[in-house]
Amino acid sequence: MDKTIYLDNAATSLPKAPGVGEAMADYLEHVGCNIGRGGYQRAWDAAGGVLAMREKLCALVNGPDPRNVCFTPGATYGLNFLLHGLLRPGDKVLTSPMEHNAVLRPLEQLKSKGVSVEYLPCTDRGELLPDGLAERLTEDVRAVVLTHASNVSGTLFPIGQVGALCRERGIFFCVDGAQTAGAVFQVDVNTRLAAANSHDTYGLTLSLWRDCFLQAKESPEGYGEAYMQQVLARIDEILAEDSAAPAPAVQPNIIVAQSESFYDLTRLPGLQYERDPLENFHALESEGISGTFHSHYLGYGTGYLEMSMLYGITGLDFGAGTNICFLEDDAYEKFDALPEQYTKGGGYRAEMLHGYNDSLYNRTVTYPMLGFSELLFSADIQALGFPWEGGVYGGYYMRDSYFFRAMLDRMEDINSSGERAFLYGITMENHQPFDPEKFNYECQIGVTSESLSEEDMAIVRVMLEGITRADQALGDLTDALRESEEPTIVVFFGDHRPNLFMTDGDTVYTKLGLCPDNDTVGWTPEEISDLYSTDYLMWANDGALLQGQAGTRRDSSITAIGPQLLELTGQPVTRYWALLEKVSQVCLTNTELYFVDGAGTPSAGVEEADLSDEDRELLQLREDVLYDAMYGQQYITAEMNEPVQ
């Protein structure tokens, strides 16, 4: 029996995490092919696995875009790769004497090539002295390179403080996170634990680090039981101002179709199409409710969007660095979710369908707690056995047309059991990457541009083909529902615009003049609001289900579309969702980047928004309710899950 106690984890972890060896063996035995080198199923599976890993790693460090994740053989290789690629003769770099040799040695080598290296002062315990750092960040500094934690002393460097200073000055900031990624970054900073349990689980230093983040979410002034009872009384007073909605004459099926990277690209300037690529969507607008859909994200963030729509929360409701898809399990049971407004006593069955596998955004854990009784991913969908002619896959992912046929199959099966269907579908056909060969160079609709090169237009055609196919699938879905006797409402929207990069690294939006560059720091609120939005449609196969709103336009968002659906269907709702409906009338978007009021007017933040005292009171009431449930003592959480009186 091996009794070795391994203490060299700072160099190489051992044993490896459960599943690592199995995953490597599975790849070697069952996959074994390169990505991006073939159009067959096994190559697609390999590409999908890499994409899933990019998204998981991006979520681990709360990164902005999975495409920014670059794989290297190891941290040492990655640091050398970065430093030699970034620094040029005449550049100046700031670092510390506490760095690993993977930083110090390449910097010494670069000094011989004309790179100036300056070492920031540290204490005799290896702690960075931040005093005077701002003054050292002069115009000639190209980059700052720091470790997050020393592999010798374990000292943590204040990378948040340093990073903020670098961002203000446009200086590259390189962090060596080899000692902390997977430990410090992976800790759920939202969970409150008793001090003893926290120290036992994470250790004293890391426990205090977590507590610091928890305390960053300040409680409302005067918070306590009496305060929250006043909040509840005021909510009831506001909700009582509305007359009770009449009970619906029929209970419709509800199909929510979240279309990957769909938006009305005919609004892009500088592109001319030989015919309308959204002919179905545009035709259906005259029969439904449509408008701008403020998605809060650009190029990524699908799972976060879903959590906001289904549960009414956003990242701004939690402490810094919190991933709303990976909260403690009980956080998802504080409030009844959107599907549960229909399933609890309403005769509905809720199911989720996803055109990919179950590896992303923690859905297999969270969705059952949000009221979904069944989760069907790609393999489950293909096992349904419904009649289908043609291929299952389009490009790298499942065809939208096949996916929507699966949703219809599930609706029919649920209806045959005497229940109504609440189906939430997440398509994948138009998911990145937008390689020119993705659809075998097929583009059904001609497109020209005077401002984009032919190489850039090859990428644009891939986006165009994906959105065209999504529109055609929407047409097939609504045509099938016209033939159905089952009353059904369809909610169709794009999750976000594609962050479509051209051959020189700029996005199509920069090329076409919609934003100055790729960094949102220099964007106006109007530019952010425009590019962080898509389009949506609410349509029904029985016009009476739309309550006289057919043909109307109304801006919506990921936090407003759920209350909008509940209002449309006249579904009895809890206080929580009734409050969210009220809030959606004054606020469509509230993020760290920008704010959009109920009329669709953007501003830099809630403080700058033109809101009345009553509007701001509604926002505060929502904030109080969420703080009480997620951070406080749940004084009124049970009451918020009760039906509106």
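Looking at ALA544, ALA560, just one residue is in contact (Cβ under 8 Å) with a residue 12 or more places away in the chain, open to solvent by 10 Å² or more (accessible area, probe 1.4 Å) and of a type in the set (A, V, I, L, M, F, W, C), and that residue is ALA544. Only residues that are among the small types (Gly, Ala, Ser) and open to solvent by less than 10 Å² (accessible area, probe 1.4 Å) were counted in region 403-428, giving 3.
Suppose the filter is closer than 20 Å to TYR348 by Cβ and either within 24 Å of the chain's Cα centre (by Cα) or not in a helix (DSSP H, G or I) (or both); does GLY562 pass it? Yes; evaluated as a whole, the condition is true for this residue.
The conditions of being part of a loop (DSSP other than H, G, I, E, B), open to solvent by 50 Å² or more (accessible area, probe 1.4 Å) and touching a Leu at 6+ places or on another chain (Cβ under 9 Å) are not met by GLU607. The requirement of being closer than 19 Å to LEU316 by Cβ, assigned to a strand (DSSP E or B) and modelled with pLDDT of 95 or more is fulfilled nowhere in region 616-636; no residue meets it. Of the listed requirements (1) open to solvent by less than 30 Å² (accessible area, probe 1.4 Å); (2) closer than 26 Å to LEU568 by Cα; (3) of a type outside the set (A, V, I, L, M, F, W, C), GLY299 misses just one: (2). Close contacts from region 463-492, counting a first residue that is under 20 Å from MET428 (Cβ atoms) and a second that is polar (S, T, N, Q) and open to solvent by less than 30 Å² (accessible area, probe 1.4 Å), with Cβ to Cβ under 6 Å and a gap of 6+ residues or different chains, come to GLY466/ASN430; ALA470/SER259; ALA470/ASN430. The set of residues in region 140-184 that are out of contact with any helix residue (DSSP H, G or I) (no Cβ under 9 Å at 6 or more places or on another chain), surrounded by 15 or more Cβ atoms within 10 Å (Cβ to Cβ) and of a type in the set (A, V, I, L, M, F, W, C) comprises ALA149, PHE157, ILE159, CYS166. Of the helices (runs of 4 or more DSSP H) lying entirely inside region 176-290, the ones with 2 or more residues being at pLDDT 65 or above and not hydrophobic (A, V, I, L, M, F, W, C) are found at 225-239, 279-285.
All told, GLU29 falls short of being modelled with pLDDT of 70 or more, over 30 Å from GLY394 (Cα atoms), of a type in the set (Asp, Glu) and open to solvent by 70 Å² or more (accessible area, probe 1.4 Å).
Checking each residue in region 77-136 for being surrounded by fewer than 16 Cβ atoms within 10 Å (Cβ to Cβ), within 34 Å of the chain's Cα centre (by Cα) and not in a helix (DSSP H, G or I) picks out only PRO130. Of the residues making up region 446-489, those that are open to solvent by less than 10 Å² (accessible area, probe 1.4 Å) and under 24 Å from ARG405 (Cα atoms) number 17. Counting the residues of region 426-449 that are under 17 Å from ASP504 (Cα atoms) and of a type in the set (D, E, K, R) gives 1.
Among the residues in region 63-73, are any in a helix (DSSP H, G or I), at pLDDT below 75 and either touching a Lys or Arg at 6+ places or on another chain (Cβ under 6 Å) or open to solvent by less than 90 Å² (accessible area, probe 1.4 Å) (or both)? So far as region 63-73 goes, yes, one or more of its residues are in a helix (DSSP H, G or I), at pLDDT below 75 and either touching a Lys or Arg at 6+ places or on another chain (Cβ under 6 Å) or open to solvent by less than 90 Å² (accessible area, probe 1.4 Å) (or both). A single entry from ASP517, ASP476 fulfils the requirement of being in a loop (DSSP other than H, G, I, E, B) and in contact with a Ser or Thr (Cβ under 7 Å, 6 or more places away or on another chain): ASP517. Scanning region 331-340 for residues that are outside any loop (DSSP other than H, G, I, E, B) and open to solvent by 10 Å² or more (accessible area, probe 1.4 Å) turns up GLU333, GLU340. Go through the residues of region 505-514 one by one and say whether even a single one is touching a Gly at 6+ places or on another chain (Cβ under 9 Å), closer than 27 Å to ASP597 by Cβ and open to solvent by 50 Å² or more (accessible area, probe 1.4 Å). Yes - at least one qualifying residue is present in region 505-514.
Selection of region 379-396 for residues being crowded, with 22+ Cβ neighbours inside 10 Å and either within 26 Å of ILE324 (Cα to Cα) or among the aliphatic types (A, V, I, L, M) (or both) yields only ILE381. Can you find a residue that is touching a residue at least 60 places away in the same chain (Cβ under 8 Å), in contact with a Lys or Arg (Cβ under 8 Å, 6 or more places away or on another chain) and not β-branched (Val, Ile, Thr) anywhere in region 356-379? Scanning region 356-379 turns up at least one residue that is touching a residue at least 60 places away in the same chain (Cβ under 8 Å), in contact with a Lys or Arg (Cβ under 8 Å, 6 or more places away or on another chain) and not β-branched (Val, Ile, Thr). Every condition in (1) outside any helix (DSSP H, G or I); (2) modelled with pLDDT under 70 is met by ASP45 except one, and the failing one is (1). Residues in region 148-166 that are at positive phi and under 27 Å from the mean Cα position of the chain (by Cα): none.
The values are calculated or read from the model by the stated rules, or taken from the named source; none is laboratory data. Keep in mind the model is a prediction, meaning the values are calculated, not measured. Note that each Cβ is placed from the backbone with ideal geometry, even for glycine, and that neighbours are counted across all protein chains shown. To get the accessible areas, we keep the full protein, side chains included, count just its heavy atoms, and leave off ligands, DNA and RNA. Shrake-Rupley method; radii C 1.70, N 1.55, O 1.52, S 1.80 Å.
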